[in-house]
Ligand SMILES: NC(=O)c1ccc[n+]([C@@H]2O[C@H](COP(=O)([O-])OP(=O)(O)OC[C@H]3O[C@@H](n4cnc5c(N)ncnc54)[C@H](OP(=O)(O)O)[C@@H]3O)[C@@H](O)[C@H]2O)c1
């Protein structure tokens, strides 16, 4: 009889940022018994978390890893194989912390949206980080559900059977009540229309971050040189009924979330057309990709992939691939085909 259990290589991980996503990641590794992963350190900037046991902090049992202030303290005793970086959405804001992490000589997997395709916002800093990564023999990759999968990797893979393509349409719609609180906040849930517009202008809230990165990654994969990428300002989604999540009740007439459109243009024509909608009370949830070409390709996942669980899974599943990858600042399109990793057969 053939053995069906492959002996798993064990990887040591250290957390850099133990917010909502970091905590969900830790809980998943501990409670889903991902026994091919061992958490050996954790770092956060929040004074209230420093000194706490990671397991206790996330409401699980004691794990024996204390949350530290500095990465050097967290990796002093055991050198990790990978750092799980979940502190921010912005590349320029995280550049110096990423540089410091890369200099520790440990591979980095991040949930930073702009890092998923950093060349789109700052080519110079991207090239600098790429050089630092290569010098320290470190691979750096940002992933997640979006950017990282549904609006870039998935459409990229779906173009594979096409001989020619004239347009790509990508749509994602979700009920934000099913997402973590920081996400509901950043799409403006509960604000008035004026407060929403002011918060977007002052950058107090961002709406979704990642359409520029997803469109850039898709165009680059196809070898399309776009004349322009237009990212429209997020618009408030307002319903004429009361809706609620576990965190907030939004009365009719107030903002339930946001919608955003973005386009890739060649000679004034929209050849890439994206729409992202996330709001509390959305009745239909879906991810949809329609490729106009030869042959036509249409894909719809209904419901959409849950962004929080999806992001945790992408970060965990990419661990073996980023450890195997060559050094440098990488993007999802540079690595081997993504897949779930080390999934146990349930019988
Ligand atoms: N690509 C995707 O699909 C995807 C999906 C989900 C999330 N994300 C992104 O992932 C990031 C994390 O999400 P989240 O919901 O977990 O956010 P969060 O709850 O705000 O967590 C961030 C954590 O990192 C800490 N932190 C900030 N700067 C730090 C530093 N320099 N050193 C150490 N710790 C630091 C924060 O502490 P303080 O609270 O004290 O600042 C907080 O505990 C966000 O930017 C989010 O947008 C991306």
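The values are calculated or read from the model by the stated rules, or taken from the named source; none is laboratory data. Just so it is clear, the model here is predicted, and its values are computed rather than measured. Glycine gets a Cβ as well: all are built from the backbone with ideal geometry, and neighbour counts include every protein chain shown.
Brief remarks follow.
- Residue that is in a loop (DSSP other than H, G, I, E, B) and outside the structural domain of residue 134 (by TED's automatic domain parsing), where the choices are 293, 281: 281
- Count of residues meeting criterion [in contact (Cβ under 8 Å) with a residue 60 or more places away in the chain and assigned to a loop (DSSP other than H, G, I, E, B)] in region 91-136: 6
- 1 or more residues touching a helix residue (DSSP H, G or I) at 6+ places or on another chain (Cβ under 6 Å): qualifying helices (runs of 4 or more DSSP H) within region 137-229: 153-158, 181-186, 211-222
- Qualifying residues in region 180-208 (those that are touching a strand residue (DSSP E or B) at 6+ places or on another chain (Cβ under 7 Å) and on the phi > 0 side of the Ramachandran plot) - the one modelled with the lowest pLDDT: 207
- Any hit, region 36-56, residues being in a strand (DSSP E or B), farther than 26 Å from residue 341 by Cβ and not assigned by TED's automatic domain parsing to the domain that holds residue 206: yes
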